[in-house]
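*Asks:* This structure is in structure tokens; I'll ask about it shortly.
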Amino acid sequence: MENPSFALTVRPEMPRVKAAGKLLQVSMIAVLLVTVVAAQQHAPPQTSTAQLPDAPSATPPSQRKSFGQTMGTIVKTIGEDEWTMMKAPFETQGLGFDTGTPFRNKTLYWNAAVLTGTGVLIANDESVAAQVNPAWHQTSTNIANACTYATAATAGGIYLTGLFTHDEHAQRTGVLSAEAAIDSFLFYGGMKLIFNRERPYQSYDGKFFYGNFSSGSFPSGHSTLAWTLASVVAHEYPKWPVQLAMYGMATAVSTTRVTGGQHFPSDVFFGSTLGYLVGRYVANKDKPSQSSHASSRVKRVPDAILTHVTIQ
């Protein structure tokens, strides 16, 4: 039987928790964006003629032009990422349709698996949310925020370490983390506005398209962001301790967003999947493609959704 005191004891606290969550995500995205700008500014300068000592006025326009070019490059890169990933689930060329055998390509299987899994969870969201103990909410929310911060701090720390040690791989990892974080932020932010799902603390029903423009529940932003950063770092440093730490923190974020009464299971499942794929795509998009015979079948399976996508 539903506990009638749940709404009275929990809902007054949720606006503050929701505001803190928004501030957390926005601040993290802002820091990561600064990382991208800093990375572009630290790029090796192009060779040019020496500046005349009697022409100091040329410096400010040059700096402004450099900053403008940097921001233009960032916007162009993010736009290409967004467009490419939005088209990916709908691409038909290379999926087998041209040969009359669409089900031979694993992309369709993975798309179907994600959608089916999300649908099954949506059907059971109400019963799961009703069983979450309100006493877990605050502790779970604190754990989710801490682990989300930890994933961002890890990515930022790798980048700063690369700057001090002149490690190009570490710097690249930091830049890719920032790029992927911005990509995922735009994705889940747009989807929240589109689906407008109620939060568990608003209603166990979790209705979609219910006018909740300020803070949609689907998908989970924390889960998406945490899995995005974890995916980038884990793919750039494919050692089991790194993967265990990054994916462990991301899993903790997804779990505690449910036990914290902030999201339904389907929210975190879809957000986690989205974040993982965005991170994997950004981490691998500029790497030379490997022959299918050179990698094992198990390693190729997670790449099935995006292997047919290329950047022009």
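The values are calculated or read from the model by the stated rules, or taken from the named source; none is laboratory data. Just so you know, these numbers come straight off a predicted model, no measurement behind them. Heads up, the Cβs are rebuilt from the backbone with ideal geometry, glycines too, and the neighbour counts pull from every protein chain shown.
*Asks:* Can you find, within the stretch 148-199, the residue that is surrounded by the fewest Cβ atoms within 10 Å (Cβ to Cβ) among those that are touching a helix residue (DSSP H, G or I) at 6+ places or on another chain (Cβ under 8 Å) and assigned to a loop (DSSP other than H, G, I, E, B)?
*Replies:* Only one residue fits best here, namely Asp167.
*Asks:* Would you check if Glu179 is closer than 25 Å to Ile74 by Cβ and charged (D, E, K, R)?
*Replies:* So Glu179 fits the description; yes.
*Asks:* Could you list, in sequence order, all residues of the stretch 90-139 that are at positive phi and either modelled with pLDDT of 85 or more or exposed (fewer than 11 other Cβ atoms within 10 Å of the Cβ) (or both)?
*Replies:* Gly100 - this is the single residue of the stretch 90-139 that is at positive phi and either modelled with pLDDT of 85 or more or exposed (fewer than 11 other Cβ atoms within 10 Å of the Cβ) (or both).
*Asks:* If I ask for residues that are within 15 Å of Pro219 (Cα to Cα), polar (S, T, N, Q) and assigned to a helix (DSSP H, G or I), which ones from the stretch 252-272 would you list?
*Replies:* Once the filter is applied, which keeps residues that are within 15 Å of Pro219 (Cα to Cα), polar (S, T, N, Q) and assigned to a helix (DSSP H, G or I), the stretch 252-272 yields Ser254, Thr255, Thr256, Ser266, Ser272.
*Asks:* Can you run down the residue pairs with Cβ atoms below 9 Å, 6 or more apart or on separate chains, where the first is in the stretch 138-157 and over 11 Å from Met246 (Cα atoms) and the partner is among the charged types (D, E, K, R) and buried (at least 22 other Cβ atoms within 10 Å of the Cβ)?
*Replies:* Here the result reads Ser140/Arg257; Thr141/Arg257; Ala144/Arg257, each pair linking the stretch 138-157 to a residue that is among the charged types (D, E, K, R) and buried (at least 22 other Cβ atoms within 10 Å of the Cβ).
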